[in-house]
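Just so you know, all these numbers are worked out from the coordinates, no wet-lab data involved. Quick caveat, the model's predicted, so the values are computed rather than measured. Note: ideal-geometry Cβ built from the backbone for every residue, glycine included; neighbour counts use all protein chains shown.
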Amino acid sequence: MSIVTFTPVRVEPEILQRHLDHLTAAATDHEVEHWFYDDNDDPRSIEILAEAVSSTSELRILPKADLGATDYRRDGETHQWSDVAVSRIAQIKNHAIATFLETSTAGHLFLVDADVLVPRKAVDHLASLEMPIVSAVYWTQFTPDALFMPNVWDRDKYSFDSIESILRLALPGHHAVGGLGACTLIERRVLEAGVDFSPVPNLRIWGEDRHFCIRAACAGFSLTADSCVTPFHIYRQDLLDQADAWVGAGQTPDWFRRHWVNKQWERSLRSLASNAA
């Protein structure tokens with residue numbers, strides 16, 4: 001089996017270097033190519049990506065697509081998304097899908113964000129599940145004082161059926177979900193069926209991953225969240241030390257259950273839900 005990974009890149013140099021180091025070591029039992037779209041505005045990030053691609057034939061930067069300017073930016077607390085930025089990333093991902101279908105015979109496309117560290121053997125594990133669309137669950141603290149939340153959800157833009165639906169994701173398993181993104185293995189047949197990131201014109205739901213998932217569900221493909229392997233999301237640069245600690249501890253899901261999604265997190269999550277009710 002062969003797999004193509006694709007990463008749109010617009011991150012700080014320190015994060016990009018760690019992403020590259022992990023991605024190239026993530027899948028060893030399959031024939032793998034790593035594709036990137038260079039959307040960087042930091043000269044050092046451009047240089048790091050170019051140096052990595054020049055060092056091995058398994059890495060490739062896709063040709064530039066005809067895109068307008070973007071106002072996307074990352075600050076010390078969160079990511080600043082706008083309609084223009086979302087439209088741009090949807091076009092970049094669709095550009096990768098079109099290139100994949102036209103130029104590759106690989107059976108899977110693995111889409112992963114540039115600030116996500118993929119654990120060793122994670123891609124192999126996802127491929128072994130033989131699911132049409134499956135995302136590895138990771139955890140994000142969207143602002144420094146927020147609770148950690150997953151990259152998958154049950155319905156709508158980002159809603160959950162219950163607190164238990166969130167808590168199950170902190171334990172090993174495979175879960176049916178209504179939405180997912182940012183670390184997703186997709187079978188070729190899904191893309192050949194026309195599923196992509198184009199906005200559904202009569203839905204006013206924000207976010208390119210939402211529209212991909214809606215299109216997939218309408219085409220009859222299931223969406224699965226896997227919580228047996230857990231990537232690390234370097235959402236902010238102040239998480240770099242924790243990312244290095246996770247690597248040093250063996251990149252295991254237990255690290256997150258000890259430090260992020262532990263009993264204190266569960267109590268806070270239940271309290272928040274109770275107050276909201």
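Going highest first, how would you order 185-193, 99-107 by mean Cβ packing within 10 Å? Spell out each step's value before the answer.
Values: 185-193: 17.7, 99-107: 14.3.
In decreasing order of mean packing, 185-193, 99-107 become 185-193, 99-107.
Any chance you could tell me what percent of the C-alpha pair distances in the chain go past 31 Å?
Values: 8273 of 38226 pairs.
Everything past 31 Å amounts to 22 percent.
For the range 46-63 versus the range 178-252, the inter-centroid distance based on Cα atoms is 24 Å.
In straight-distance terms, cross-link reach from LYS157 covers every one of the lysines whose alpha-carbon lies under 23 Å from its own, apart from those fewer than eight places away in the same chain; here that gives LYS93. Here's the picture: charge each Lys and Arg Cβ at +1 and each Asp and Glu Cβ at -1 in the chain, and of ALA245, VAL200, LEU23 the one pushed furthest to the positive end of that dipole is VAL200. Taking the Cα centre of the chain as reference, the dipole from Cβ charges on Lys and Arg (+1) and Asp and Glu (-1) amounts to some 780 debye.
Within the shell defined by Cβ-Cβ distances under 15 Å, the residues around HIS22 carry a net charge of -4, with Lys and Arg each +1 and Asp and Glu each -1.
Ranking VAL9, TYR138, VAL177 by Cα position along the charge dipole of the chain, where only Lys, Arg, Asp and Glu carry charges on their C-beta atoms, puts VAL177 farthest toward the positive end. Computed on the chain, with alpha-carbon pairs under 8 angstrom and 6+ residues apart, the relative contact order is 21 percent.
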